[in-house]
Amino acid sequence: MHNIEVPIETSGRHIHLSQKDSEKLFGKGYKFKKKTNLYQPGDFAAEETIDIQGERDRILTLRVVGPVRAQTQVELSKTDAIFLGISVPLKESGALKGTPGATLIGPENKVKIKEGLINAQRHIHCNQKEAKKIGLKDKMLVSVQTEGPGAVTFHNVLVRVNKNYRLCMHLDTDEGNAACITRKGKGKIL
C-alpha cells in the first residue's frame with residue numbers, strides 16, 4: 001500500500017435528516033428533489049436547504065443530503081462551529097452520542113435536536129474489492145499526501161469500507177482550503 005492514488009472531495013456544511021425531522025421541517029410525506037448525484041452511490045445533494053441557529057443567534061444555511069438516515073446528523077467545519085458559537089467535536093460520521101444539538105429551521109417548522117452536530121473526521125470511502133486490492137481495512141488510520149501548489153499531508157485519515165462505496169477521500173472545507181483544494185483534488189495514500 002505505497003503511494004496509492006485517491007481522488008479527494010471537499011464536503012461543505014450539510015445535513016442528513018431523519019424521516020421524523022424531515023417531516024417536521026418540510027411536512028408529512030415530503031420527498032426531496034435531487035439537485036445532483038454525489039460520488040458515493042445513492043447519495044445526492046437535494047435542492048432543499050434548511051437553516052441552523054447557533055448559540056449566538058447566528059444562522060447558517062445547510063444543504064440537505066439524501067437519502068434520509070436513522071438519525072439527523074449535521075456536518076460542520078470548525079470555522080462554521082466557531083461562527084455559530086457551538087463547540088463541535090471531531091467525530092466519525094454516525095458517532096453522534098454525546099454531541100451537541102441546535103435549532104433547525106425549515107419551511108414548515110423548527111426542530112430542536114438534542115445531539116447530532118459533528119466536525120466529520122477526514123476519511124476514505126472504499127468498497128471491499130478496492131480495499132483488498134490496495135491493502136486497506138475498515139477503521140484503519142492512514143496518511144494521505146495531497147497534490148498541487150498547497151500540498152499537505154493529512155494524518156489520521158479514517159478508512160471506511162462498505163460494499164456500496166467508491167474510492168474517495170473526504171475533507172471538510174477548512175481542510176480543503178488548507179490544501180488549496182476547492183472541490184476536487186488528488187492525493188496519495190502513504
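The values are calculated or read from the model by the stated rules, or taken from the named source; none is laboratory data. For clarity, every value in this text was computed on a predicted model and none was experimentally measured. Cβ coordinates were reconstructed from backbone atoms using ideal geometry, including for glycine residues, and neighbour counts include every protein chain displayed. When the accessible area is computed, the model is the full protein with side chains, heavy atoms only, and any ligands, DNA or RNA have been set aside. Shrake-Rupley method; radii C 1.70, N 1.55, O 1.52, S 1.80 Å.
Taking segment 112-129 as the range and being out of contact with any Ser or Thr (no Cβ under 7 Å at 6 or more places or on another chain), surrounded by 13 or more Cβ atoms within 10 Å (Cβ to Cβ) and either among the basic types (Lys, Arg) or more than 28 Å from VAL6 (Cβ to Cβ) (or both) as the test, only ARG122 passes.
Which one is farthest from HIS16 (Cα to Cα), of the residues in segment 67-85 that are hydroxyl-bearing (Ser, Thr, Tyr) and assigned to a loop (DSSP other than H, G, I, E, B)?
Quick first cut of segment 67-85, residues hydroxyl-bearing (Ser, Thr, Tyr) only: 72, 77, 79.
With the extra rule that they be assigned to a loop (DSSP other than H, G, I, E, B), the set shrinks to 72, 77.
Numbers: THR72: 5, SER77: 15 Å.
If we take residues in segment 67-85 being hydroxyl-bearing (Ser, Thr, Tyr) and assigned to a loop (DSSP other than H, G, I, E, B), then SER77 is farthest from HIS16 (Cα to Cα).
Six or more apart or on different chains, Cβ atoms under 7 Å: show the pairs whose first residue is in segment 147-165 and at positive phi and whose second is open to solvent by 50 Å² or more (accessible area, probe 1.4 Å). Every condition considered, the pairs that remain are GLY148/CYS180; ASN156/LEU141. Looking at segment 44-53, is at least one residue part of a loop (DSSP other than H, G, I, E, B) and open to solvent by 20 Å² or more (accessible area, probe 1.4 Å)? No: zero hits. Going through (1) in a strand (DSSP E or B); (2) open to solvent by 50 Å² or more (accessible area, probe 1.4 Å); (3) more than 18 Å from GLN40 (Cα to Cα) one by one, ASN177 falls short only on (1). Here the condition is being within 23 Å of LEU38 (Cα to Cα), more than 13 Å from the chain's Cα centre (by Cα) and either of a type in the set (Phe, Trp, Tyr) or exposed (fewer than 13 other Cβ atoms within 10 Å of the Cβ) (or both); of LYS97, LYS132, LYS139, LYS188, it holds for LYS139 alone.
Name the residue that is farthest from the chain's Cα centre (by Cα), counting only residues in segment 7-26 that are open to solvent by less than 60 Å² (accessible area, probe 1.4 Å) and free of Cβ contacts under 8 Å to residues at least 60 places away in the same chain. My answer is GLU23.
Sub-8 Å Cβ pairs linking a first residue in segment 124-138 that is free of Cβ contacts under 8 Å to residues at least 60 places away in the same chain to a second residue that is among the acidic types (Asp, Glu) and open to solvent by 50 Å² or more (accessible area, probe 1.4 Å), at least 6 apart or interchain, are ALA131/ASP138, ordered by first then second residue. When the criteria are applied in full, GLY29 fails the requirement of being open to solvent by less than 30 Å² (accessible area, probe 1.4 Å), of a type in the set (Gly, Ala, Ser) and farther than 28 Å from ILE134 by Cα.
Here is a list: GLU115, GLU108, GLU130. Which entry is among the acidic types (Asp, Glu) and either touching a strand residue (DSSP E or B) at 6+ places or on another chain (Cβ under 8 Å) or in a helix (DSSP H, G or I) (or both)?
Among GLU115, GLU108, GLU130, only GLU130 is among the acidic types (Asp, Glu) and either touching a strand residue (DSSP E or B) at 6+ places or on another chain (Cβ under 8 Å) or in a helix (DSSP H, G or I) (or both).
Scoring TYR165 on the criteria (1) closer than 21 Å to GLU92 by Cβ; (2) assigned to a loop (DSSP other than H, G, I, E, B); (3) open to solvent by 50 Å² or more (accessible area, probe 1.4 Å) leaves a single failure, condition (3).
Okay, residues lined up against (1) of a type in the set (Asp, Glu); (2) under 20 Å from THR79 (Cβ atoms):
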position	(1), (2)
GLU130	yes, no
LEU141	no, no
GLN145	no, no
GLY150	no, yes
HIS155	no, no
ASN164	no, no
ASP174	yes, yes
CYS180	no, yes
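Residues VAL88, VAL64: which one is part of a strand (DSSP E or B) and buried (at least 21 other Cβ atoms within 10 Å of the Cβ)? So the residue among VAL88, VAL64 that is part of a strand (DSSP E or B) and buried (at least 21 other Cβ atoms within 10 Å of the Cβ) is VAL64.
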